[in-house]
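To start, the structure under review is shown below, and the notes come after it.
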Amino acid sequence: MAGSTPASATADGAPPLGKAAASVSPWQEAWRRFKRHRLAFWSLWVLGLLVLAVLIGPLFYKVGVNEVDFQARLAGPSAAHPMGTDDLGRDMLARMLYGGRISLAVGLAAMLMAITVGVIIGAIAGMARGWVDAGLMWVTDLFLSLPQLPLLLLLIFLFRDPLKKMFGLELGIFILIVAVIGGFRWMPVARLVRAQFFSLREKEFVEAARALGASTSRQVVRHILPNSLGPVIVAATIDVAAAIISESTLSFLGLGFPPDIPTWGRILYDGRDYMDLAVHWAMFPGLAIFLTVLTINFIGDGLRDALDPRRVL
C-alpha cells in the first residue's frame with residue numbers, strides 16, 4: 001500500500017518493535033563522534049598526507065640530500081627545485097622530506113617515552129597510599145619546578161659526545177634528543193593518570209572485581225587502565241606537538257642535530273641569516289612545523305570531544 005511504512009523500519013528510523021538495535025562498540029561510537037568534529041577529521045587527513053609524503057616521497061624524488069650544485073645557489077622555487085635551494089645549492093625539497101622523517105620520529109618517540117613513564121608513575125601513585133604516593137608526587141612536582149631550557153642545554157652539553165661515541169652521530173643525537181624531551185614531558189601525564197585512578201578505583205565495577213578476588217594488578221590492567229585511556233590519548237597528541245616544537249627549538253639554537261643531518265628545525269636555523277636573500281629557505285620548514293603542530297592540536301581537540309562520554313554532540 002502506497003505511503004505505508006516498511007516492516008523493516010519505523011518512521012523515525014528506529015528498529016522495529018521486537019528487533020534489537022545493532023550494537024555499537026565504544027570505539028565505533030568514538031569514531032562517529034570524532035568525524036563530526038570537522039576540523040579534527042580533516043586535520044587527520046592532512047597529517048596523514050604529510051606523514052605519507054615524508055615516508056614515501058624520497059622513493060620518487062631521488063635528488064640527494066647533500067647533493068651540491070653551486071650554480072643553483074640560493075635559487076628560488078622552480079621546476080628543477082620545487083622548494084628552491086640553500087647556500088650550497090642543495091635541494092630544499094629533498095632535505096625537507098628527509099628532515100620530516102627525523103622531526104616526526106623525534107616527536108613520536110619522545111611522546112611514547114613520556115606516556116610510558118607518566119602512566120607507570122601515575123598508576124603506582126593512584127593505586128598506592130601513604131608515603132609511596134607522596135614520594136612520587138614530590139618527585140613529579142620537583143621535575144615540574146625545574147627550569148627546562150637551561151637544564152636541557154646542560155644535559156646536551158654533558159652527554160652529547162659520549163652518546164655520539166657510543167651509538168654514532170645520528171643515532172646518538174637522536175637518543176639524546178628523545179631522552180631529554182621525553183624526560184621533561186611525563187609529569188602532566190603522571191598527574192592526569194593519578195587523578196583518573198583515584199576516581200576509578202572507587203567505582204562499582206572495580207569494587208565488584210575486588211570482591212571477586214581480583215588482584216591489584218588485574219584490577220589495574222583489566223578495569224582501571226582501559227577506562228583511563230581517553231585523557232591519556234589526548235595528552236599523547238599534545239606531547240607529539242610539544243616534542244616537535246622542542247626539537248625545532250633545540251635545532252634552532254644550534255644544539256640539536258648537526259648541519260649535515262637536516263631536520264625542519266635545523267633547516268630553519270640554517271636559513272635565519274638569509275631571510276633577505278632566500279626567504280623560501282626559512283619559509284618552507286616553518287610552514288611544515290606550523291602545519292604539523294596545528295593539525296595535531298586539532299586532532300587532540302577532536303579526540304577530547306570524542307572520548308568524553310559527558311559531552312553531547
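The values are calculated or read from the model by the stated rules, or taken from the named source; none is laboratory data. No experiment lies behind these values; they were computed from the predicted model shown. Methodologically, a virtual Cβ is constructed for each residue, glycine included, from the backbone with ideal geometry; neighbour enumeration extends over all protein chains shown. Remember, those area values only see protein heavy atoms, side chains included, never the ligands or the DNA or RNA. Shrake-Rupley method; radii C 1.70, N 1.55, O 1.52, S 1.80 Å.
Side notes on the structure shown:
- The lone exception for residue 248 - which of (1) among the small types (Gly, Ala, Ser); (2) surrounded by fewer than 20 Cβ atoms within 10 Å (Cβ to Cβ); (3) in a helix (DSSP H, G or I) it fails: (2)
- Members of the range 154-183 that are assigned to a loop (DSSP other than H, G, I, E, B) and without any contact (Cβ under 8 Å) to a residue 60 or more places away in the chain: 168
- Residue selected from the range 251-265 under the condition assigned to a helix (DSSP H, G or I) and touching a Lys or Arg at 6+ places or on another chain (Cβ under 9 Å), by the criterion surrounded by the most Cβ atoms within 10 Å (Cβ to Cβ): 251
- Residue, most open to solvent (accessible area, probe 1.4 Å), within the range 134-153, restricted to residues that are touching a residue at least 12 places away in the same chain (Cβ under 8 Å) and over 28 Å from residue 250 (Cα atoms): 136
- Taking every residue in the range 50-74 that is assigned to a helix (DSSP H, G or I) and pairing it with any residue that is of a type in the set (Val, Ile, Thr), at least 6 positions away or on another chain, the pairs with Cβ-Cβ distances below 7 Å are 50/292; 72/85.
- In the range 64-101, residue nearest to residue 283 (Cα to Cα) [restricted to those that are open to solvent by 60 Å² or more (accessible area, probe 1.4 Å) and polar (S, T, N, Q)]: 66
- Any chance residue 111 is open to solvent by 20 Å² or more (accessible area, probe 1.4 Å), hydrophobic (A, V, I, L, M, F, W, C), modelled with pLDDT of 85 or more and not in a helix (DSSP H, G or I): no
- Residue satisfying condition, being touching a residue at least 40 places away in the same chain (Cβ under 8 Å), within 23 Å of residue 256 (Cα to Cα), under 29 Å from the mean Cα position of the chain (by Cα) and not in a loop (DSSP other than H, G, I, E, B), within set 104, 47: 104
- Checking each residue in the range 194-218 for being surrounded by 15 or more Cβ atoms within 10 Å (Cβ to Cβ), in contact (Cβ under 8 Å) with a residue 40 or more places away in the chain and over 17 Å from residue 118 (Cα atoms) picks out only 201.
- Residue in the range 289-301 that is outside any loop (DSSP other than H, G, I, E, B), under 29 Å from residue 201 (Cβ atoms) and open to solvent by less than 20 Å² (accessible area, probe 1.4 Å) present: yes
- Test set (1) more than 29 Å from residue 93 (Cβ to Cβ); (2) in contact (Cβ under 8 Å) with a residue 40 or more places away in the chain - residue 222 fails condition number: (2)
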